[in-house]
Amino acid sequence: MLEVPNVPKEPLTISIIGAGQRGNNYAQYSELFPEWLKVVAVAENHPDKRNAFAKKYNIPNENVFNDWSDMAKRPRLSNAVAICTPDKLHMEPSVAFANSKYNILLEKPMAVTVEDCYKIVEAIKQNEVIFAVGHVLRYTSHMNVVMQVINSKALGDIINIQHLEPIGHWHFAHSYVRGNWSQEASSTFSLMAKSCHDLDLIVYMMGSNCKKISSFGTLSHFRKDKKPVEAGIATNCLNCNYEPSCPYSAKKIYIEPFLKDGIKSWPNSVVQPVGHIDYHLWYEGGTEM
């Protein structure tokens, strides 16, 4: 296990590139452990997200940017930068901030092409900065226990690993059917977008690099020809006759948890990250989702 270092005299500073769900998650560390981390800058092209983030972390106006490239042109603002842009937009900011001598935390996946990965690695090596990809499951308490058992050899050598990612039907529908990763052309395939966590854990548990990988699958369920007959001509959950019976109902996933339990966190925070929602109007079918 890693030794915990001494608390620094001054907190490390970090700039956040992309104030979405993941950017906010990483920034939250500064709230939990202010003696360790301070958020000093943000780049985000969505004005509501950008303004809300800047206000929350009391970031001065001169350190609030619409475009990360404007931040990269400035003298270095922080010890490190967390790059939380969409998957296909990882390479360019990584190279730019490495060239500006920032230490980098890059959200997974590292990139969606091998070529982009090589470009990032080359920039990191040339500038001799600290670099990490956000494969955060390595650092969970349960993985610490798993690795202790593996390293102890109490169960012998690893011969085979059968690993399941319990993503859940509603989570898959939220992120990979309705959400930001619904189209491979604008993001990447689901094995890369989601299960790169699992591939990383397999490599971690094996303690060696992968020599060969194969992948197979097909789009068999979320297709127009699989639409329930009862749904008729409905184009959303609010005017769909099949909705009460549907496990993927947006009412069940987003609206009812808010109305019944006041849940505003993920996934609702992704659907409507800032501002107020008239959930009662939605629930009554007055507005399309």
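The values are calculated or read from the model by the stated rules, or taken from the named source; none is laboratory data. Note that the structure is a prediction, hence the values are computed from the model and not measured. Heads up, the Cβs are rebuilt from the backbone with ideal geometry, glycines too, and the neighbour counts pull from every protein chain shown. Each accessible area value is taken on the protein alone, full model and side chains, heavy atoms only, with ligands, DNA and RNA left out. Shrake-Rupley method; radii C 1.70, N 1.55, O 1.52, S 1.80 Å.
May I ask you to verify whether Lys108 is within 22 Å of the chain's Cα centre (by Cα) and of a type in the set (Lys, Arg)? Against the criterion (within 22 Å of the chain's Cα centre (by Cα) and of a type in the set (Lys, Arg)), Lys108 qualifies. In contact with a helix residue (DSSP H, G or I) (Cβ under 8 Å, 6 or more places away or on another chain) and under 28 Å from Ile14 (Cβ atoms): is that true of Leu155 in this structure? Criteria not met by Leu155. So which residues in segment 140-177 are under 30 Å from Ser220 (Cβ atoms), without any contact (Cβ under 8 Å) to a residue 40 or more places away in the chain and aliphatic (A, V, I, L, M)? Passing the criteria: Leu164, Ile167.
Tallying residues that are open to solvent by 90 Å² or more (accessible area, probe 1.4 Å) and closer than 26 Å to Lys194 by Cα within segment 3-46 yields 3. All of (1) more than 28 Å from Val7 (Cα to Cα); (2) open to solvent by 40 Å² or more (accessible area, probe 1.4 Å); (3) not aliphatic (A, V, I, L, M) hold for His90 with one exception: (2). Does at least one position in segment 66-81 carry a residue that is in contact (Cβ under 8 Å) with a residue 60 or more places away in the chain, among the hydrophobic types (A, V, I, L, M, F, W, C) and in contact with a Leu (Cβ under 8 Å, 6 or more places away or on another chain)? Checking segment 66-81: at least one residue is in contact (Cβ under 8 Å) with a residue 60 or more places away in the chain, among the hydrophobic types (A, V, I, L, M, F, W, C) and in contact with a Leu (Cβ under 8 Å, 6 or more places away or on another chain). Residue count for segment 205-263 under the criterion of being under 30 Å from Gln148 (Cα atoms), of a type in the set (A, V, I, L, M, F, W, C) and open to solvent by less than 100 Å² (accessible area, probe 1.4 Å): the result is 3. The one condition from (1) surrounded by 15 or more Cβ atoms within 10 Å (Cβ to Cβ); (2) more than 20 Å from the chain's Cα centre (by Cα); (3) basic (Lys, Arg) that Lys153 does not meet is (1). Residue count for segment 156-177 satisfying the condition of being hydrophobic (A, V, I, L, M, F, W, C) and open to solvent by 80 Å² or more (accessible area, probe 1.4 Å): 3.
Candidates are the residues of segment 28-82 that are of a type in the set (Lys, Arg) and farther than 12 Å from Phe97 by Cβ; the one that is modelled with the lowest pLDDT is Lys49.
Checked against (1) open to solvent by 90 Å² or more (accessible area, probe 1.4 Å); (2) touching a residue at least 60 places away in the same chain (Cβ under 8 Å); (3) farther than 17 Å from Trp170 by Cα, Asn180 passes all but a single condition, namely (3). Among the residues making up segment 101-147, those that are of a type in the set (Gly, Ala, Ser) and buried (at least 17 other Cβ atoms within 10 Å of the Cβ) are Ala111, Ala123, Gly134. Quick check: anything in segment 127-140 acidic (Asp, Glu) and on the phi > 0 side of the Ramachandran plot? Yes.
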